[in-house]
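J.: I have a structure I would like to understand better, so I am pasting it below and will then ask my questions one at a time.
What follows draws every value from the coordinates through simple rules; no lab data is involved. Here the structure is a predicted model, which means the values were calculated and not measured. Neighbour counts run over all protein chains shown; Cβ positions are idealised from the backbone, glycine included.
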Amino acid sequence: MQRAPQDFGRVLSSMCTEPHPDAREAAARYLADNPGDPTTYPAVAELEREAVETLGEMTGLADPHGYVASGGTEANLQAVRAARNLADSPDPNVVAPESAHFSFQKAADVLDVELRLAATDDDRRADLADVRRLADEDTALVVGVAGTTEYGRVDPIPALADAAADADALLHVDAAWGGFVLPFTDWAWNFEDAPVDTMAIDPHKMGRAPVPAGGFLARDEAILDALAVDTPYLESTSQATLTGTRSGAGVAGAHAAMEALWPEGYRENYERGQANAEWVADALESRGYSVVDPVLPLVAAEIPREEIETLRSEGWRVSPTASGELRVVCMPHVTREMLESFVADLDAL
Ligand code: 0PR
């Protein structure tokens, strides 16, 4: 049976979005190229180098090392893996805020490191005192999140960098979702302002690239060296990525999206998304719902479970936070008209 792909017209909680038309086209052209084998597929390998350059420009990293990963999960796992491989301790641990994405649990499990979850403060950001309490001589990595999955919060990255340095640990920033909006916000810090070692920044979320296109960035080549294995069957001699054969569509799509949108297109996406988030936050608040105000284009609101279920049955794609709030992620496909129609449906309940 033929099935159409998901229409984005009622998708409100996803962190995926409609790819940019140039990105779609580029993805289709490079569908069979394998960036995992750069000597056989040099064109897509060159696109990947350029994509990493642009990600470096976005994040203040003059000489970026990294690659286009399958997504934030892989980038986070690789950050943990590099830190573990470089750590002195026989029993390394990772300290992350409890708001960190569940991919860190997968990483800890696969890599056999202990994951220590620090509390978050009243504004749902990493609690510095608790991070410092948990970090010790066996801490290989401290994690900060710049755009949390549930509430769009940005952890105090420079202060976390100090905490990491005091523990002699590396600092990883998970900007998988937030990375493409942060440069335009008051939260703008980058590799230049804080000694961040690695970062996840996904073109397939706010970057309008087709799936799969994640971003893994490292300040030093030594990080990638810590991930590299020898590759006897390939002409190239080593590989630092987690997966072997990779999607040329993801790499070419990410490259094309960034070429079309960085920086002005992304600035417009951010400004529109943030204005929409503030609009929907006000609309929900004025109807008496309790709202977590959006610092990035993501709103969480306490809406009763039965109402969420009814909205879902009307085709709205809305998913809750762990504590049950409804999330509206103002991705590029989310328009004011969509939000008006959503609020009208809520009013009609
Ligand atoms: N880091 C952060 C901050 C994230 O929000 C996510 C995904 C990841 C890492 C992992 O990224 P990948 O899923 O690319 O490996 N956050 C969303 C989530 O888990 C992913 C998502 C996207 C879920 C689209 C649903 C959906 O329709 O909620």
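J.: State to the nearest 20 debye the size of the charge dipole of the chain about its Cα centre, where the only charges are +1 on K and R beta carbons and -1 on D and E beta carbons.
T.: Around 1040 debye, computed over the chain.
J.: Pull out the extension gain between SER238 and ASP7, defined as 0.36 nm times the separation in residues minus the alpha carbon to alpha carbon distance; nm, one decimal.
T.: Difference between extended and current length: 79.1 nm.
J.: A further question follows. Of the listed peptides 301-313, 259-271, what is their order by residue-averaged count of other C-beta atoms within 10 Å, with the highest listed first?
T.: Ranked by mean Cβ neighbours within 10 Å, highest first: 259-271, 301-313.
J.: About the Cα centre of region 1-49, how large is the charge dipole given +1 on each Lys and Arg Cβ and -1 on each Asp and Glu Cβ? Please answer in debye to the nearest 20.
T.: 240
J.: With the crude spin-label approximation of a point 7 Å out along Cα→Cβ, what separation in nm comes out for GLU98 versus LEU349?
T.: Output for this residue pair reads 2.6 nm.
J.: Considering only PRO90, TYR151, ALA100, whose Cα is most displaced toward the positive end of the charge dipole of region 84-164, charges sitting on Cβ of Lys, Arg (+1) and Asp, Glu (-1)?
T.: Toward the positive end, the furthest listed residue is TYR151.
J.: Turning to a different aspect of this structure: Placing +1 at every Lys and Arg Cβ and -1 at every Asp and Glu Cβ, with all other atoms neutral, what dipole size does region 103-186 have around its Cα centre, in debye to the nearest 20? If you can, show how the numbers build up before the last one.
T.: Numbers: 7 positive and 18 negative charges, 62 e Å.
The dipole of region 103-186 has a size of about 300 debye.
J.: Something else: What order do you get for 140-153, 189-202 when each peptide is scored by the mean count of other beta carbon atoms within 10 Å, highest first? It would help to have the intermediate numbers written out before the result.
T.: Values: 140-153: 26.9, 189-202: 22.8.
Sorting 140-153, 189-202 by mean packing, highest first, produces 140-153, 189-202.
J.: Let me ask something else. What is the chain's relative contact order, in percent, from Cα pairs under 8 angstrom and six or more apart in sequence?
T.: With pairs under 8 Å counted, the relative contact order is 24 percent.
J.: Based on the alpha-carbon set only, what is the convex hull volume of region 152-256 divided per residue, in Å³?
T.: 121
J.: Further, regarding this structure: With n ≥ 4 as the cut-off for DSSP H runs, can you work out [θ] at 222 nm for the chain, using -39500 (n - 2.57) per run divided by the number of residues, rounded to the nearest 500?
T.: About -11500 deg cm²/dmol.
J.: What's the ranking of 277-283, 320-326 by average number of surrounding C-beta atoms within 10 Å, highest first?
T.: 277-283, 320-326
J.: For region 6-116, just the Cα set please: Rg and Dmax, both in angstrom.
T.: Looking at region 6-116, its Cα Rg and Dmax stand at 17.5, 51 Å.
J.: When the chain is fully extended, how far beyond the present Cα-Cα distance does GLU264 get from SER89, taking 0.36 nm per residue of separation?
T.: Here the segment from GLU264 to SER89 would lengthen by 58.5 nm.
J.: Find how much the distance from ASP109 to ARG272 grows on full extension, using 0.36 nm per residue of separation minus their present alpha carbon separation; answer in nm with one decimal.
T.: Answer, rounded to one decimal: 54.8 nm.
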